[in-house]
Amino acid sequence: MQRTLTTAGLGDKETLLIKSYLSLLSGKTREPWAFRDSGPVDACIAVPGLDAGKALTIRYGGDGELRLNAPLRVAAVIAVLDQASACLGAAKSAAAPAAATAAASVAAPAAPATRGDGRGTLAECLRSRRDDETVLRLSDGRARVEADFVAGRYRSSAPLLAQHATAADWHRDDAPAPVTAVEGALTWLMWMAGVGEARVQPGVYRLRRWPDFGALPHRPEFVRLAALFARQATSPGAAAAAAAVPVPEVEAFLGGCLMAGYAGSEGALAAPPPRPVATLDDGVRGLLGRIRRRLGL
Amino acid sequence: MMTTARKIVFAGSMGAGKTTSIAALSEIPPVTTEAVNHDRALFDKDTTTVALDYGEFTLDDGSRIQLIGTPGQLRFDFMWRVLANGALGVILLVDNSRPAPLDDVREYLRHFRDFAEGARLVIGVGRTESHPQPTVDAYADLLAGEALLLPVLSVDVRRRDDVLMMVHVLLSQLEACA
Ligand SMILES: Nc1nc2c(ncn2[C@@H]2O[C@H](COP(=O)(O)OP(=O)(O)OP(=O)(O)O)[C@@H](O)[C@H]2O)c(=O)[nH]1
Ligand SMILES: [Mg+2]
């Protein structure tokens, strides 16, 4: 059966590489694999964390996880995809987990902010911090995370993947500090949590500060969205139309920005009418398009 | 035949990575005028660019994008504005291992004020892995103090993808800013 694959947190070049591998491999894997930019997928290739070296992780189904070492080799990619196929087949026949979902494509709204059992998305748990709490210890059963709001750092017992950020079974876990597998700037954790949740209230938002795209996992569209939200306060719908990207993509971008403090709400006001773009004459627009084509941007 | 020459300017202190960035994009080997570095006390490198770096790439309509690197030494600052005149935008490279990189940025912003206010400027901070201070946030604070909202990215220009990312950010700013 046709399998689908996406990437999360990879650079444009790496994603392009994965795409070209997939077309190269057609007919060579047990089942055909196709790349999807968004929507529900069978598997997702992610970077475990910025600090975790060059290994890529391929996640499928509920908890399935395989590693792919860089540089990618065709034989290794085939082996890993076939292994994922086998596990997905086994899981299906046992009527087990639903397809994995890419961070960008959380179509269904995330769990409500307060569930009876105190569980929710990573973003919800981080937001539930009281003013007097300087450290939060959280777990989703697979990774344990300690967020230190004074030091501005986080550490985690396992590499955090897009799926961790979208999972809704995070809860407080005050057991002793986790064995550190990954650590980094708290901004990174907040960003990942917000991008993964991909949920924002209706309203008008403005960029307060540019995300450091040199350090934060992002998709290329995020850069164009940042430029739009930097220019003027805009609603997610208007930004989606202006940048020609799906609304969930805007919500993922804004979700990350709001969690990490890069954007703020300008209230529930209607978006101001977009400033006319006519002054960017067709000549310049065409020139910018040609530069993009030439550099593959 | 008239060809429209457009340029992107790479500015920044000595050793910030201007030549490396241009080499990453140019389809000709960058033409660089190097001469003996007379500011050894300031920067320990045998040669430094005293004129300009030049590279280019050709677009599908035959026109060219020029890549201009401004001289790093402060005593050539009179050239910065001249070189940037008419440019699409400026990529300002910062070497975070310098004694006072925030002051460097302040100085460059003064010279490239038009580009900064027109959101046609990207700041790329290098060597953050060995010199995490000042943080990217400190640069953003500096900008906020000058009522500017500009992208500040931690980069390593030895990675071509990082150079491409800075261009992607600059183009996105140009597209958004009518
Ligand atoms: N470790 C490290 N090295 C870097 C980084 N960016 C640039 N370099 C290195 O710094 C050196 C100087 O880079 P250049 O591209 O010559 O710098 P430049 O701005 O052209 O310098 P001048 O021409 O002297 O003004 C090169 O060896 C680069 O590889 C960085 O982020 N980290
Ligand atoms: Mg040089």
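Here is a list: B:Val157, B:Val122, B:Val82. Which entry is within 16 Å of ligand 2 (Cβ to nearest atom) and aliphatic (A, V, I, L, M)? Before the answer, list the steps.
On the way: B:Val122 fails: within 16 Å of ligand 2 (Cβ to nearest atom); B:Val82 fails: within 16 Å of ligand 2 (Cβ to nearest atom).
Exactly one of B:Val157, B:Val122, B:Val82 is within 16 Å of ligand 2 (Cβ to nearest atom) and aliphatic (A, V, I, L, M), namely B:Val157.
Going through the range A:198-231 one residue at a time, which ones are in contact (Cβ under 8 Å) with a residue 40 or more places away in the chain, at the interface with chain B (Cβ under 9 Å from one of its Cβ atoms) and within 18 Å of B:Ala144 (Cβ to Cβ)?
Result: A:Leu207, A:Arg208, A:Arg209, A:Trp210, A:Pro211, A:Arg231.
Counting only residues that are assigned to a loop (DSSP other than H, G, I, E, B), open to solvent by 40 Å² or more (accessible area, probe 1.4 Å) and in contact with a helix residue (DSSP H, G or I) (Cβ under 9 Å, 6 or more places away or on another chain), how many does the range A:146-180 have?
2
Please tell me if B:Gly126 is within 13 Å of ligand 1 (Cβ to nearest atom) and closer than 17 Å to A:Asp212 by Cα. Walk me through how you get there before you give the answer.
Details: within 13 Å of ligand 1 (Cβ to nearest atom): yes; closer than 17 Å to A:Asp212 by Cα: yes.
Criteria met by B:Gly126.
Name the single residue, out of those in the range A:232-253 being among the hydrophobic types (A, V, I, L, M, F, W, C) and open to solvent by 50 Å² or more (accessible area, probe 1.4 Å), that is farthest from the other protein chains (Cβ to nearest Cβ). Steps first, please.
Start the filter on the range A:232-253 by keeping residues that are among the hydrophobic types (A, V, I, L, M, F, W, C), which leaves A:233, A:238-245, A:247, A:250, A:252-253.
Within this subset, residues satisfying the condition of being open to solvent by 50 Å² or more (accessible area, probe 1.4 Å) are A:241-242, A:244, A:247.
On the way: A:Ala241: 13, A:Ala242: 8, A:Ala244: 11, A:Val247: 18 Å.
Within the range A:232-253, the match that is farthest from the other protein chains (Cβ to nearest Cβ) is A:Val247.
I need a count of the residues in the range B:85-99 that are surrounded by fewer than 22 Cβ atoms within 10 Å (Cβ to Cβ) and within 14 Å of ligand 2 (Cβ to nearest atom).
The total comes to 1.
The values are calculated or read from the model by the stated rules, or taken from the named source; none is laboratory data. Please read all numbers here as calculations on a predicted model, not as lab measurements. For neighbour counting, all protein chains shown are included, and Cβ atoms are generated from backbone atoms with ideal geometry for every residue, glycine included. Remember, those area values only see protein heavy atoms, side chains included, never the ligands or the DNA or RNA. Shrake-Rupley method; radii C 1.70, N 1.55, O 1.52, S 1.80 Å.
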